1. Most mobile of A58, A30, A18 per a Gaussian network model of the chain (Cα springs, under 10 Å)?
2. With +1 on each Lys and Arg Cβ and -1 on each Asp and Glu Cβ, and nothing else charged, work out how big the dipole of the chain is about its Cα centre, in Debye to the nearest 20.
3. Hey, can you find the accessible area per residue of the chain for me, probe 1.4 Å, expressed in square angstrom?
4. Given the DSSP H assignment, sum -39500 (n - 2.57) over each helix run of at least 4 residues in the chain and divide by its residue total; what's the result at 222 nm in deg cm²/dmol, nearest 500?
5. Compute the long axis of helix 48-63 from its Cα atoms, compare it with the longest principal axis of the Cα atoms of the chain, and write down the angle in degrees, 0 to 90, nearest 10.
6. Quick one: with all protein chains in place, what share of the accessible area of the chain is carbon or sulfur, to the nearest percent (1.4 Å probe)?
7. Quick one: among R16, R66, R29, which has the greatest mean-square fluctuation in a GNM of the chain with alpha-carbon springs under 10 angstrom?
8. To the nearest 10 degrees, how steeply does helix 11-20 sit against the main Cα axis of the chain, on a 0 to 90 scale?
Amino acid sequence: LKPGRASHVTMLSITRDACSRLPDGVGTRADVCQLVRDSQYVVEDASDVHLSQVMSSALDRLHYERDPCVKFDPARKVWC
């Protein structure tokens with residue numbers, strides 16, 4: 001993430017925001033990753049592998065919250 005951002009801007013919040021912007025509220029991990037990359041707070045030259053790993057961890061954390069804002073549908077292999 002870019003230096004100088006507000007302290008409340010984290011990968012968790014950026015990933016949550018990306019999920020809220022999924023078309024029809026549904027998308028693959030690659031779709032979420034692209035929306036995360038579009039964030040003004042993500043360093044432009046971040047590698048796809050590193051960004052995918054960090055974002056995947058954030059998705060897992062969001063998925064296992066007490067009241068999750070995102071869920072993984074294993075039958076369709078999409079996040080919603």
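The values are calculated or read from the model by the stated rules, or taken from the named source; none is laboratory data. Only a predicted model underlies this, so the values are computations on that prediction, with no experimental measurement involved. Here the Cβ is made from the backbone with ideal geometry for all residues, glycine too, and neighbour counts use every protein chain on show. Keep in mind that these areas ignore ligands, DNA and RNA; they rest on the heavy atoms of the full protein, side chains included. Shrake-Rupley method; radii C 1.70, N 1.55, O 1.52, S 1.80 Å.
1. Among A58, A30, A18, the largest GNM mean-square fluctuation belongs to A30.
2. 160
3. Numbers: 5270 Å² over 80 residues.
With all protein chains present, the chain gives 66 Å² per residue.
4. Result for the chain: -13500 deg cm²/dmol, rounded to the nearest 500.
5. So the helix axis and the longest Cα principal axis differ by about 50 degrees.
6. 51
7. For the chain, modelled as a Gaussian network with Cα springs under 10 Å, the answer is R66.
8. Helix 11-20 sits at roughly 50 degrees to that axis.
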